[in-house]
1. Got the relative contact order for the chain handy, in percent, Cα pairs under 8 Å and 6 or more residues apart?
2. Using a simple spin-label model with points 7 Å from Cα along the Cα→Cβ vector, what separation in nm is obtained for R63 and L48?
3. Using a simple charge model, +1 on the beta-carbon of Lys and Arg, -1 on the beta-carbon of Asp and Glu, nothing else, what dipole does the chain show about its Cα centre, in debye to the nearest 20?
4. Just to confirm, what accessible area per residue do you get for the chain at 1.4 Å probe, in whole Å²?
5. Any chance you could run the full-extension gain for F242 through N228? It's 0.36 nm times the residue separation minus the Cα-Cα distance, nm to one decimal.
6. Return the FRET efficiency for the residue pair C56, M93: r is the Cβ-Cβ distance, R0 is 41 Å, and the value is rounded to the nearest 0.05.
7. Cα centroids of segment 66-137 and segment 1-38: how far apart, whole angstrom?
8. Using only C-alpha positions, report the orientation-averaged shadow area of the convex hull of the chain, nm², one decimal.
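The values are calculated or read from the model by the stated rules, or taken from the named source; none is laboratory data. Being a predicted model, the structure only gives us computed values, none of them experimental. Heads up, the Cβs are rebuilt from the backbone with ideal geometry, glycines too, and the neighbour counts pull from every protein chain shown. Just the protein is used for accessible areas: all its heavy atoms, side chains included, with ligands, DNA and RNA removed. Shrake-Rupley method; radii C 1.70, N 1.55, O 1.52, S 1.80 Å.
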Amino acid sequence: ILLLSALASCAAVLSPYVTGSAVSAVSDGSGTVWVLACLAGLYISDWLVRFLQSFCMAAIGQRVIHHMRKTLFQRMKTLPLAFFDGHRHGEVMSRVTNDVDTVSSTISSSLTLFLTYGFTVLGIFGMMLCLSPFLTLVSLSGIVLVMLLTKIITKRTGKLFSKQQKSLGALNGQVEESISGLLLVKAFCREEEMERAFEEKNEALCRVSIKALICSGYLMPLMNVINNLLYVAISVLCGVLFVEGTISSIGLITSFLLYVRQFTRPFVEIANIYNHFQTAVAG
């Protein structure tokens, strides 16, 4: 999967350079057929590599989760009775089902994207340095803002997602006790108390889930604003440098603008993935 992630990033790293070469070829009046053929080959190869990557990750991810469930269940057999006296059965079941499923979704989907975007950032950064070290340094200013916002927001969301998982476990414990002890509840006419306890835990879970989703929802819009503003700033700067004669190739400008768009996007996606990782960490 590491190898496939590195290969999957090749299309993102090479396609802007090939596109810039095609623009330069058009402006110079030379042939562009071979350039377009290379670009088509890149995208086809990218599709094939990503398909193999998803296939491998699905199989490996589910085996990891299978092993986690098996290990947790075997561990339950060795725990003393005092553990089960001090923990609700529904809460224990929530650990084996809901929390493991949370980890499963992160491993199966987010991990491959995280690896691919990591390789993409390194490759694009190297290509940008080769094209224009000055414009690359200007582009890094937006990345600093992205990383700062990510740190601030995920610090808050991590605590909220942890509370969410605990509230979910408490709710499952309440449901399990209510169902298993339903005969006793009816015998002693405790239906209203049972319903009240369920409503309190359900409401607590609802509140913390709303806070977690709203707080995590701040990240992507803010990142997109920074991304777009950086793209506009670099575009204007490229225009000024082209008028002054510092940059003479339209193809270079085209390639660099495409790299800027792709360079900031992985950071935005990585920030969003890291935000989702908080739920897995809580699980």
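1. Working: 273 pairs, mean separation 95.3, N = 283.
Over the chain, the number comes to 34 percent.
2. 2.4 nm
3. On the way: 22 positive and 17 negative charges, 117 e Å.
Magnitude of the dipole: close to 560 debye.
4. Details: 16200 Å² over 283 residues.
On a per-residue basis, the chain sits at 57 Å².
5. Details: separation 14, 0.36 × 14 = 5.04 nm, distance 2.10 nm.
Separation in residues times 0.36 nm, less the Cα-Cα distance, equals 2.9 nm.
6. Working: r = 31 Å, r/R0 = 0.76.
Plugging the Cβ-Cβ distance into 1/(1 + (r/R0)^6) gives 0.85.
7. Computed from Cα coordinates, the inter-centre distance equals 34 Å.
8. Numbers: hull surface 75.6 nm².
The number I arrive at for the chain is 18.9 nm².
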